[in-house]
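All remarks here apply to the structure that follows.
The values are calculated or read from the model by the stated rules, or taken from the named source; none is laboratory data. For clarity, every value in this text was computed on a predicted model and none was experimentally measured. Neighbour counts run over all protein chains shown; Cβ positions are idealised from the backbone, glycine included. Accessible surface is based on the protein model in full, side chains and every heavy atom, while ligands, DNA and RNA are left aside. Shrake-Rupley method; radii C 1.70, N 1.55, O 1.52, S 1.80 Å.
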Number of protein chains: 4
Amino acid sequence: MTRTAVDTSDGWLEPDELSEARRRLPMVYVNGVPVRVDSAGAVQSIGLLLQSSADGEISRELVSGRVFYHERIRDALLRHIEKDLGPMALPQVPPSPQPFTVAEYFPTEGVSGYFDPRQHAVALAYILPVTGDFSPRQDALRLDWLTPDEAAGSAVQAEMASGQGLVLRQALAHLGFPPA
Amino acid sequence: MTRTAVDTSDGWLEPDELSEARRRLPMVYVNGVPVRVDSAGAVQSIGLLLQSSADGEISRELVSGRVFYHERIRDALLRHIEKDLGPMALPQVPPSPQPFTVAEYFPTEGVSGYFDPRQHAVALAYILPVTGDFSPRQDALRLDWLTPDEAAGSAVQAEMASGQGLVLRQALAHLGFPPA
Amino acid sequence: MTRTAVDTSDGWLEPDELSEARRRLPMVYVNGVPVRVDSAGAVQSIGLLLQSSADGEISRELVSGRVFYHERIRDALLRHIEKDLGPMALPQVPPSPQPFTVAEYFPTEGVSGYFDPRQHAVALAYILPVTGDFSPRQDALRLDWLTPDEAAGSAVQAEMASGQGLVLRQALAHLGFPPA
Amino acid sequence: MTRTAVDTSDGWLEPDELSEARRRLPMVYVNGVPVRVDSAGAVQSIGLLLQSSADGEISRELVSGRVFYHERIRDALLRHIEKDLGPMALPQVPPSPQPFTVAEYFPTEGVSGYFDPRQHAVALAYILPVTGDFSPRQDALRLDWLTPDEAAGSAVQAEMASGQGLVLRQALAHLGFPPA
């Protein structure tokens with residue numbers, strides 16, 4: 001019987017077991033907002049993945065993903081940023097575990113400002129300064145670097161994947177930028 | 001020679017000395033966002049003072065003011081909320097000194113998102129749940145309680161006093177609300 | 001076939017299914033630090049449950065427990081504080097979802113400062129001002145109210161349940177108290 | 001009449017005017033905790049300046065100093081870290097203005113856990129990852145890099161300058177380390 005790397009990281013959790021768990025337990029997630037900063041630490045631009053869904057719809061995404069069994073939050077952030085931005089992104093994972101917000105994605109719309117039809121996910125959200133080179137993941141069309149004003153604009157907000165627009169606006173507010 | 005209560009609190013700082021200091025030193029301020037919460041702590045409404053300026057212009061304000069010499073931040077918050085909302089507001093000053101943001105008001109526009117023509121003020125911003133009755137201060141027309149959606153709307157934003165609209169949007173984001 | 005209320009809250013998760021999930025997925029937890037504050041919001045005392053384990057060992061505990069499927073974090077905090085302190089505790093759940101820290105309890109000692117032999121739990125930690133009357137849960141010997149100095153002392157630290165001593169010290173530091 | 005760079009930065013504030021203001025107004029300060037982190041952002045060591053006072057007493061210090069008139073907090077942090085650690089420290093000033101704590105230093109002992117006989121200072125405290133080379137300022141004997149355990153130990157605590165020991169312990173707690 002073969003098992004994938006992902007299964008191993010979760011103590012041998014089969015895909016159908018994972019989808020079963022997703023209907024019964026809240027999943028631990030991380031949301032990362034990639035930023036480029038100047039020499040004084042002030043944010044210059046925000047990185048958003050541009051993705052095309054199965055039905056051809058264009059959407060923008062933060063770095064996001066599940067925390068595995070026995071995985072530290074900072075290792076999950078590193079793993080997802082490497083998956084999404086490539087191995088040379090040189091991210092600066094924050095030294096403190098305190099997130100700037102916690103986003104509660106519910107499978108039912110309207111319970112909170114966040115929505116995920118697949119599951120109930122509790123996502124710890126962090127700002128992630130990156131300094132290196134980027135090679136967006138295969139299913140992403142490209143990685144866009146937007147100014148804070150562009151990122152806060154209604155055009156970008158309308159393209160954000162479900163609920164992540166709110167996390168992006170919260171990130172901008174946390175960084176001191178006016179969300180338009 | 002007579003001195004007012006304010007002078008005393010500042011170690012006998014004369015009005016002209018204060019205005020002189022305002023051109024030479026950053027002032028320590030607090031910004032408070034009064035909120036009413038439900039039994040689960042979720043914010044139901046945000047309190048904004050409606051004020052008419054000397055030239056008849058209408059503006060909305062947060063609870064805001066200076067920290068005196070030898071005054072604790074939490075005592076300054078209490079003093080300003082009592083001054084603005086009256087003595088029966090029953091505020092819950094946060095137990096931790098960590099503010100949700102620090103607003104840097106500069107006398108020059110464009111240095112930051114905050115602007116105060118009178119001075120350079122560094123304002124520590126806190127959410128202030130209140131549970132009592134309110135008697136707005138004399139120079140305020142009234143105290144309005146707005147829903148988070150109303151508070152985030154562009155109409156209210158346009159009426160906020162200089163720079164406080166950004167603090168209000170940051171407060172809403174910190175509380176998990178979409179700043180529209 | 002009968003199901004308990006707990007099962008229902010988790011989308012019909014049987015006890016053996018839960019214990020299975022605990023070996024394969026990180027669990028979402030909340031840690032609450034009950035405090036009593038003065039009129040300026042400054043913490044006067046910290047509430048710790050005194051418990052006797054099956055083998056007669058005495059230990060002290062924070063308010064702690066799992067977040068159910070489709071349950072908001074603030075509702076989980078309310079549920080656990082009611083379970084631990086009784087229905088009249090009148091807790092003030094913080095209006096913002098930002099926790100003061102995230103405690104990562106691993107089933108392996110030494111991965112972090114937190115340890116839980118049963119599971120990998122990711123606990124969002126909050127300060128919980130309470131103002132009412134308290135009736136500690138049945139398996140607790142009593143609820144002790146300690147001064148910040150007492151709570152930070154090595155005697156109390158030695159009695160804290162696995163890993164919760166660190167969360168308590170982090171709470172005291174967040175509140176501005178010297179953890180001795 | 002000559003003026004130093006410092007005077008200029010404060011709108012021509014003479015030394016005697018500054019010392020006068022210090023007895024009448026709270027001063028805006030920054031406290032920085034220099035840290036070295038591993039590739040996952042976890043703190044490996046904390047940097048403390050070792051200093052010998054005029055009367056030969058040895059003390060340890062954080063990066064600390066005043067915010068000038070019309071100076072951004074992040075520029076004040078850069079200026080003080082360059083003054084204390086040299087121009088090649090390559091600090092990563094946090095992208096968000098939210099400090100991990102606010103330390104209120106009073107000229108009277110016992111008002112808070114912080115004490116500064118010279119003034120009432122309100123210090124915004126930040127973690128400052130540094131990656132470069134260090135040349136401690138002239139009046140410092142050296143810059144020591146301590147493990148979190150060493151930094152939390154009572155020996156180091158006893159050597160910390162007035163009140164900064166508490167900020168250091170709060171920093172360690174914020175970073176997830178047990179303050180001994």
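Scattering from chain A was approximated by placing one identical point on each alpha carbon and applying the Debye formula without solvent; log10 I(q)/I(0) at 0.10, 0.13, 0.20 1/Å stands at -0.39, -0.67, -1.58. Calculated mean residue ellipticity, 222 nm, chain D: -7000 deg cm²/dmol, from DSSP H runs (n ≥ 4) at -39500 (n - 2.57) each, averaged per residue and rounded to 500. Shown here for region C:104-156: trypsin sites (Lys or Arg not before Pro) in loop regions (DSSP other than H, G, I, E, B) with at most 16 other Cβ atoms within 10 Å, namely C:Arg118, C:Arg137. Between helix A:73-85 and chain A there is an angle of about 70 degrees, using the helix long axis and the longest principal axis of the Cα atoms. Interface burial in region D:20-38, defined as at least 40 Å² less accessible area with all protein chains than with the chain alone at a 1.4 Å probe, covers D:Arg24, D:Leu25, D:Pro26, D:Val28. Here is how far apart the B:Asp149 label points are across copies: 3.0, 5.3, 5.6 nm, shortest first, using a point 7 Å from Cα toward Cβ.
Across region C:111-118, coupling constants 3J(HN,Hα) worked out from phi with the 6.51/-1.76/1.60 Karplus curve, θ = phi - 60°, read 5, 9, x, 10, 9, 9, x, 7 Hz, and Gly and Pro carry x.
Just name one of B:Leu124, B:Ala161, B:Gly41: the one whose Cα is farthest towards the positive end of the charge dipole of region B:24-174 (beta-carbon charges, Lys/Arg +1, Asp/Glu -1). Going by the Cα projections, it comes out as B:Leu124. Remark: relative contact order (region B:35-85) = 22 percent; criterion is Cα-Cα distance under 8 angstrom and separation of 6 or more residues. For D:Ala40, the point set 7 Å out from Cα toward Cβ sits 3.4, 3.5, 4.2 nm from its twins in the other copies, listed from shortest up. Take each residue of peptide B:161-169, count the partner chain Cβ atoms within 10 Å of its Cβ, and average: the result is 2. In summary, no lysines lie within cross-link reach of C:Lys83, defined as a Cα separation below 21 angstrom excluding same-chain residues under 8 places away. Per-residue Karplus couplings for region B:38-48, computed as 6.51 cos²θ - 1.76 cosθ + 1.60 with θ equal to phi - 60°, are listed in order as 8, 5, 9, x, 6, 6, 9, 8, 10, x, 10 Hz, Gly and Pro entered as x.
With both partners inside chain B, how many of the DSSP beta bridges are antiparallel, as a percent to the nearest 5? Before the final figure, lay out each step's value.
Values: 23 of 35 bridges.
Approximately 65 percent, going by the DSSP bridge assignments.
Annotation: amide H of D:Phe115 within the under-5 Å range of D:Phe106, D:Gly163, sequence separation 5 or more or interchain, hydrogens built in the peptide plane.
Restricting to the protein assembly as shown, compute how many DSSP beta bridges are antiparallel as a %, nearest 5. Of all bridge pairs located within the protein assembly as shown, approximately 65 percent are antiparallel. Taken one residue at a time, the phi angles of region A:51-58 give Karplus couplings (6.51, -1.76, 1.60, θ = phi - 60°) of 10, 10, 7, 3, 8, x, 7, 8 Hz. Gly and Pro are set to x.
Full extension of the chain segment joining B:Glu14 with B:Leu90 gains 24.1 nm, where the gain is 0.36 nm per residue of separation less the Cα-Cα distance. Both chains summed, the buried accessible area for C and B stands near 1500 Å², from protein heavy atoms and a 1.4 Å probe.
Nearest-to-axis residue in chain C, judged by Cβ distance to the rotation axis that brings C onto D and given in whole Å, is C:Ala173, 2.
Tell me which GluC sites (Glu not before Pro) from region C:108-180 have a DSSP coil assignment and no more than 15 other beta carbons within 10 Å of their own.
C:Glu109
With charges set only on the Cβ (+1 for Lys and Arg, -1 for Asp and Glu), what does the dipole of region B:24-174 come to about its Cα centre, in debye to the nearest 20? Mind showing how you got there, number by number?
Values: 12 positive and 17 negative charges, 93 e Å.
My answer is approximately 440 debye.
Give the accessible surface of the protein assembly as shown per residue, rounded to a whole number of Å², with probe radius 1.4 Å and ligands, DNA and RNA excluded.
Details: 28440 Å² over 720 residues.
Ligands and nucleic acids excluded, the figure is 39 Å² per residue.
Surface composition of region C:24-174: carbon and sulfur atoms hold 50% of the protein heavy-atom accessible area at a 1.4 Å probe. The simple spin-label model puts a point 7 Å past each Cα toward its Cβ; for B:Ser162 and B:Ala40 those points are separated by 4.2 nm. Relative to the dominant Cα principal axis of chain C, helix C:164-174 is inclined by about 50°. Taking amide H atoms as placed 1.01 Å from N in the peptide plane, the amide H of A:Met27 lies under 5 Å from those of A:His120, A:Ala121, A:Val122, each 5 or more residues away in sequence or on another chain.
For the peptides D:54-66, B:50-62, the ranking by mean Cβ contacts within 10 Å, running from highest to lowest, is D:54-66, B:50-62.
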